[in-house]
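Note sheet for the following structure.
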Amino acid sequence: MTKRVKKMVELESKIREREIEMEKRNKEIEKREVKILRKEEEEKKLKERKEIEEREKREKVRLEEELKEQMAEQQAQMKRLLEEEVKMPQVFDGTSSKVSRFVEDCRKYTERMKGEEEDKICWIVSYVQGDRTDK
């Protein structure tokens, strides 16, 4: 029986060694899987960063184009104003005989102005002065 016991002990020892070896292999496999997952995550993040950079680049180009168009429009507007000598309206003092001329001068000038209607109205009102306008 002692031979059998020895054999059993040897077999159990070998089994334990193989189990340990399998555990090591499993840990190595897990480490590799973790590395692969990390690499995939890094690649995904890198791809996302590149996509963001591309979107930002396209947006920058779009904004530059928009700015160029606005500048060209403003330059054209300035050129038109320089080519067509448009008189600034005279200060309006409330005299009824000057109303038509004042309105026409303001209309011509504001047609060439860039901006919101509210800004144009404020600009026109700045030319209305005098005692008769306060009534």
(message) Apply the a/c threshold of 1.5 to the C-alpha gyration tensor of the stretch 1-92 and tell me whether it is rounded, prolate or oblate.
(response) prolate
(message) Can you compute the modelled spin-label distance between residue 11 and residue 40, with each label point 7 Å from Cα toward Cβ, in nm?
(response) 4.2 nm
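Tally Lys and Arg at +1 and Asp and Glu at -1 over the other residues with C-beta under 13 Å from the C-beta of residue 13: what net charge comes out? Before the final figure, lay out each step's value.
Values: positive: 6, 7, 14, 16, 18; negative: 10, 12, 17, 19, 21.
Cβ neighbours under 13 Å give a net charge of 0.
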(request) Please give the net charge around residue 37, taking every other residue with its beta carbon less than 13 angstrom from that of residue 37, where Lys and Arg add +1 and Asp and Glu add -1. (result) +1
(message) Can you return the lysines within cross-link range of residue 79? Criterion is Cα-Cα under 29 Å, with same-chain partners fewer than 8 residues away left out.
(response) 60, 68, 87, 108, 114, 120
(request) Wrap a convex hull around the Cα atoms of the stretch 86-135, take a quarter of its surface area, and give that in square nanometres. (result) 3.4 nm²
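Below 11 angstrom from the Cβ of residue 54, what's the summed charge of the other residues (Lys, Arg +1; Asp, Glu -1)? Show your work: numbers first, answer last.
Working: positive: 47, 49, 50, 55, 57, 58, 60; negative: 48, 51, 53, 56, 59.
For residues surrounding residue 54, the net value is +2.
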(request) Compute the long axis of helix 99-111 from its Cα atoms, compare it with the longest principal axis of the Cα atoms of the chain, and write down the angle in degrees, 0 to 90, nearest 10. (result) 30 degrees
(request) Please state the charge dipole magnitude for the chain, taken about the Cα centre, from unit charges on C-beta atoms (+1 on K and R, -1 on D and E), reported in debye and rounded to the nearest 20. (result) 1640 debye
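Output the relative contact order of the chain, whole-number percent, from Cα pairs under 8 angstrom with separation of 6+ residues. If you can, show how the numbers build up before the last one.
Numbers: 42 pairs, mean separation 27.5, N = 135.
It rounds to 20 percent for the chain.
Bear in mind these aren't lab numbers, they're just calculated from the coordinates by the rules spelled out. A quick note: this is a predicted structure, and the numbers were derived from the prediction, not measured. Heads up, the Cβs are rebuilt from the backbone with ideal geometry, glycines too, and the neighbour counts pull from every protein chain shown.
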